[in-house]
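Chemist: Please find one structure pasted underneath; my questions will follow.
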Amino acid sequence: MLSPLATRLLWVVAATIPAALAKPEQIRAVQSPIFHYYLQAYPQDPEIPVMGPEATSEYFNIGGWLQSANTSKYLNIGNDATSYKTLTFADVTATDAWALEGDTIITGQGSTWGRQLNFLVCQLSGDYWQVYLQTGSETPAGKTCSNYQSLHLPCLC
């Protein structure tokens, strides 16, 4: 019989292995105004994650972290006081909360943020919308934003 700690570690490893071994995938939006826009770095500032055109989309590895297969940058969640949390791309991962629920990108139940599957996007320029993790309902003043977006892998049909 395994100790409680060993059992928990086994579950964590078992949950991570399939995602970590999967091929890199695009991450897309499924509702307006960013329907079929894809996660990528903003061309004017590669630290800012945006939803943008498929032609410039990136591919991501998912295994507790989200890492761009294009740039090797990790998607990290900020510690903002607002309900919307700034996401950034960085050389090292500070966030191991990312998970999949079916084809939906979420933060895991045991993470600092709990199970979250909503994102906020705010238009930066043209076809590029900055992405935030949404843990409530706040939005930045003076920006064109869309709340309660979800992000998904390509159809697993």
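The values are calculated or read from the model by the stated rules, or taken from the named source; none is laboratory data. The model shown is predicted, which means the values in this text are computed figures rather than measured ones. A quick note on method: Cβ atoms are made from the backbone with ideal geometry, for glycine too, and the neighbour counts reach across all protein chains shown. SASA here: full protein model, heavy atoms, side chains in, ligands and nucleic acids out. Shrake-Rupley method; radii C 1.70, N 1.55, O 1.52, S 1.80 Å.
Chemist: For LYS85, indicate whether it is in contact with a strand residue (DSSP E or B) (Cβ under 9 Å, 6 or more places away or on another chain), modelled with pLDDT of 95 or more, basic (Lys, Arg) and farther than 22 Å from GLU138 by Cβ.
Modeler: Criteria not met by LYS85.
Chemist: Another question about this same structure. Kindly provide the set of residues from segment 24-46 that are within 19 Å of LYS73 (Cα to Cα) and within 14 Å of the chain's Cα centre (by Cα), ordered by number.
Modeler: The answer is PRO24, GLU25, GLN26, ILE27, ARG28, TYR38, LEU39, GLN40, ALA41.
Chemist: Select from segment 138-157 the residues that are polar (S, T, N, Q) and either open to solvent by less than 80 Å² (accessible area, probe 1.4 Å) or in contact with a helix residue (DSSP H, G or I) (Cβ under 9 Å, 6 or more places away or on another chain) (or both) and list them in ascending order.
Modeler: THR139, SER146, ASN147, GLN149, SER150
Chemist: Taking into account only those residues within segment 136-157 that are in contact (Cβ under 8 Å) with a residue 60 or more places away in the chain and of a type in the set (A, V, I, L, M, F, W, C), which is farthest from LEU120 (Cα to Cα)?
Modeler: That would be LEU153.
Chemist: Write out, first by first residue and then by second, each pair whose Cβ atoms fall under 8 Å of each other, whose residues are 6+ apart or on separate chains, and whose first residue, in segment 74-97, is within 13 Å of TYR132 (Cα to Cα) and touching a residue at least 24 places away in the same chain (Cβ under 8 Å) while the second is among the charged types (D, E, K, R) and open to solvent by 20 Å² or more (accessible area, probe 1.4 Å).
Modeler: Partner pairs satisfying both residue conditions: ILE77/LYS85; THR82/GLU138; SER83/GLU138; TYR84/GLU138; THR86/ASP80; THR88/GLU47; PHE89/GLU47; PHE89/LYS73.
Chemist: Then there is this: Would you call GLY102 surrounded by fewer than 14 Cβ atoms within 10 Å (Cβ to Cβ), modelled with pLDDT under 95, under 17 Å from LYS143 (Cβ atoms) and of a type in the set (Gly, Ala, Ser)?
Modeler: Criteria not met by GLY102.
Chemist: Return the residue satisfying two criteria in turn: it lies in segment 13-32 and is assigned to a helix (DSSP H, G or I) and under 15 Å from ILE105 (Cα atoms), and of such residues it is modelled with the highest pLDDT.
Modeler: ALA20
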